[in-house]
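Following: one structure in structure tokens, then a few remarks.
The values are calculated or read from the model by the stated rules, or taken from the named source; none is laboratory data. Quick caveat, the model's predicted, so the values are computed rather than measured. Cβ sites come from the backbone with ideal geometry, for glycine too, and all protein chains shown count toward neighbours. These area figures cover heavy atoms from the full protein model, side chains too; ligands, DNA and RNA do not enter into them. Shrake-Rupley method; radii C 1.70, N 1.55, O 1.52, S 1.80 Å.
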Amino acid sequence: MKAETYISVDIEADGPIPGPYSMVSFGMTVAGKRLGRGFTRSDPTLTTFYAELRPISDAFVQSALDVSGLDRDLLLREGQDPKEAMESAAAWVRKVCDGTTPVLVAFPLSFDWMWIYWYFMNFTGDSPFGHSRAMDIKTLYAAKAGVPLTWSSKRQMPKELRSTHPHSHHALDDAIEQADLFQNIMEWRV
């Protein structure tokens, strides 16, 4: 049986979908490992990856960009080349997984997965997470709590499950925050 390494990923973008719009930053952290039924948490502040990217198009939605607080003009001048960033990210995932199977976790998965998978495929031709090794933290909570998905917002979760890390809309901060939430839910005995 091969162990899984859970990588918490958060992205910030300047629009609603990849391709016409750009991912402007992303953060990743190791949330923990699982072998069989056993889960071991990792300190999400210790093993991290972060990149701010040069936009790939002229299109952007100012309100979406405002969420991250990043300066588009600065990103155009100094942002990392997306191909280089995604190659570095894939190498980082392989290194921290060290032979285990990487699984991406996010809250909500649908938004972050759409961007990170598109960027991996578009700029490297491959994703370290394959085409489907991903887990939605909202769904994990709803399944364990036995509640509808619409009842799985963070503020509806028991306080003891919520992270003490701030949600700042900085991609690495948010990846750390959701890693903590993921760990708490994984260890939660309902």
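Miscellaneous remarks
- The Cα-based radius of gyration and maximum Cα-Cα distance (Dmax) for region 1-105 are 15.7, 48 Å.
- Span-like helix check, the chain: qualifying full DSSP H segments, with Cα axial length of 15 Å or more and mean Kyte-Doolittle of -0.5 or more, are 82-97, 109-124, 171-187.
- Square roots of 5 times each gyration tensor eigenvalue, C-alpha, the chain, largest first, Å: 27, 20, 14
- Probe 1.4 Å, accessible area per residue of the chain, Å²: 49 Å²
- Think of it as helices only: each DSSP H run of n ≥ 4 in the chain is worth -39500 (n - 2.57), and spread over all residues that comes to -12000 deg cm²/dmol at 222 nm.
- Anchor residue 154: aspartates and glutamates whose Cα lies under 14 Å away (excluding residues fewer than 8 positions away in-chain): 136, 174, 177, 180
- Once backbone amide H atoms are built at 1.01 Å from N, residue 25 has 12, 53 as its partners under 5 Å, excluding neighbours fewer than 5 places away on the same chain.
- Alpha-carbon centroid distance for the pair region 138-161 / region 71-127, whole angstrom: 27 Å
- The packing ranking, built from the mean of other Cβ atoms within 10 Å per residue, places the peptides 106-119, 146-159, 44-57 in the order 106-119, 44-57, 146-159, highest first.
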